[in-house]
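Enquirer: Supplied in structure tokens, the structure appears directly below.
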């Protein structure tokens, strides 16, 4: 896909989504805004994991960095007398910078680590978030930072509700983030990331600096996660460590795997699922005639249970995720149009197509960097 | 000075627990090249069983036995049922499966028992004993250290002195060769998981009375610290896990005592970052032995 087509597609999608907000009631618009915020983070994560083969369990911490960056800048600008669009843009930029810097540090460490070590480091980071919030005075501990109320701008006030305006802003930011990621993915950098993921030594021999590519992937992914945090802060008008827990980090991972690793469409599906599934489950348990104690216990946890089961089943059985299943369905339709292939090919295609839409690339092996026969990930010569 | 000695003692007691839990991670890493990110959630399942048995029988000791057995069963089920599907080609698929397992186990426990913290009383006094006027370890701390060190010693004997231990090591280090020589590699892998999960459950059971209490997330922090310990010690090295466990325990205890409890997780993070930057595979890892 060339760059101009990507941009047109993004613009079209944004206009369509903004049109959609007129059909939704305020609560649905609020949910849409949340989904857009999560999309920033899941899209970044899916590019990091799917394209560069690095796993982060700490993307909630990067969102938190963005959220705090946004809130603190917004507060500072409010007291300096700056309001409206300039304040929003400056605060969002600050969010991107804050998350990007944290991502740069993580990426520098990540370039030297493989698989489980990086996962553990990022997990420790997200566990430390409440501790950092509690020990740095400006972050105000568990209460978090509140920001100035950001209402609908004057001329639009008569036309749209607050939730709709928030959805617009969230969708716009998500569109910018996802478009940026799509451009990276389709460009030279994306090609390099895939090369490093598949075979670091071969990539190094081809003149690519694997460490630099890995760090870049981390920074790009972190910046979009930070934008997600900024949007979340903008919508909820506050930021606190309670919003960026280990659970959120794990859920982001669930979302990108369930959606389909490496696919931006999958990231969008995952983000929508993150918002819709808990709500659906909550509605269902409210409707069912259950004792209130049971409902209380199921609230929140049942949705998590479904997420966890989905994750296990998909990684074990259908690594392509939802996006992979869509591709497979398309492939099946195309295959039906053609005359049956000779031999076993057709028979083999039918039962496995759902699991393996695009050949080896969608197998579990593609989840991470290729390992050598003994299971030992390839090391860069500099480590020797 | 009294305070320093007290913090040092408490730190060493906590450190042995971290070391025991880290040993569980090391065992599984050696056998399957998977970092078991579900270790905390699996261990807490065993603790719930143990606390229930203690409640039914009125005996702490039956509860302790039940914890170890239940932990072993969880290890068996998890290895046979879920992590068998982890792709050998990708280090990430094992991590992702384990994360799915964490979410499933914790939400099942939450649905079954709720999210509240249930207090778990310690079987011995928690008041520090005074040695020459200086407050040192509590009887419960002494108990924890003895059980943890005893189990670690028993595991070491098992691995070094018995045929099963030899087969376990062979299956972990050279699966192909071991298989040719008649070792049932898959079974050894399962045994490794069972041993590791039982040890982790025991560590969690010992840790719970000193923490806030029992709830589905009670072992989360224990896991994070144990992971740090395992990495600092080098994921391959049981001796490294013990040494690193004691180090991390003491560092945490000193930071908590002198700078405040909120800074302890940050200190652990800093320690992890520093070690990983200096030695990306941990301090005691033997990269050459692994490649052979």
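The values are calculated or read from the model by the stated rules, or taken from the named source; none is laboratory data. This is a predicted model, so every value here is computed, not measured. A quick note on method: Cβ atoms are made from the backbone with ideal geometry, for glycine too, and the neighbour counts reach across all protein chains shown.
Enquirer: Can residue A:125 be described as within 14 Å of chain B (Cβ to nearest Cβ) and either in contact (Cβ under 8 Å) with a residue 12 or more places away in the chain or more than 23 Å from residue A:34 (Cα to Cα) (or both)?
Expert: yes
Enquirer: Scanning for something within 23 Å of residue A:243 (Cβ to Cβ) and surrounded by fewer than 24 Cβ atoms within 10 Å (Cβ to Cβ), does region A:2-25 turn up at least one residue?
Expert: No, there is no match, as no residue in region A:2-25 is within 23 Å of residue A:243 (Cβ to Cβ) and surrounded by fewer than 24 Cβ atoms within 10 Å (Cβ to Cβ).
Enquirer: Considering region A:306-324 alone, what residues qualify as being modelled with pLDDT under 85, surrounded by fewer than 23 Cβ atoms within 10 Å (Cβ to Cβ) and within 26 Å of residue A:282 (Cβ to Cβ)?
Expert: Within region A:306-324, just A:322 meets the criteria.
Enquirer: Go through region A:235-244 and give me each residue that's in a loop (DSSP other than H, G, I, E, B) and either in contact with a helix residue (DSSP H, G or I) (Cβ under 6 Å, 6 or more places away or on another chain) or crowded, with 17+ Cβ neighbours inside 10 Å (or both).
Expert: The answer is A:240, A:244.
Enquirer: Can I ask one more? Do we find a residue being without any contact (Cβ under 8 Å) to a residue 60 or more places away in the chain, outside any loop (DSSP other than H, G, I, E, B) and surrounded by 15 or more Cβ atoms within 10 Å (Cβ to Cβ) anywhere in region B:134-141?
Expert: The answer is yes, given that some residue of region B:134-141 is without any contact (Cβ under 8 Å) to a residue 60 or more places away in the chain, outside any loop (DSSP other than H, G, I, E, B) and surrounded by 15 or more Cβ atoms within 10 Å (Cβ to Cβ).
Enquirer: Turning to a different aspect of this structure: I'd like the full set of residues that are more than 7 Å from every other protein chain (Cβ to nearest Cβ) and either without any contact (Cβ under 8 Å) to a residue 40 or more places away in the chain or surrounded by fewer than 17 Cβ atoms within 10 Å (Cβ to Cβ) (or both), limited to region B:257-275.
Expert: If the condition is that a residue be more than 7 Å from every other protein chain (Cβ to nearest Cβ) and either without any contact (Cβ under 8 Å) to a residue 40 or more places away in the chain or surrounded by fewer than 17 Cβ atoms within 10 Å (Cβ to Cβ) (or both), then B:258, B:259, B:260, B:261, B:264, B:267, B:270, B:274 are the ones that fit.
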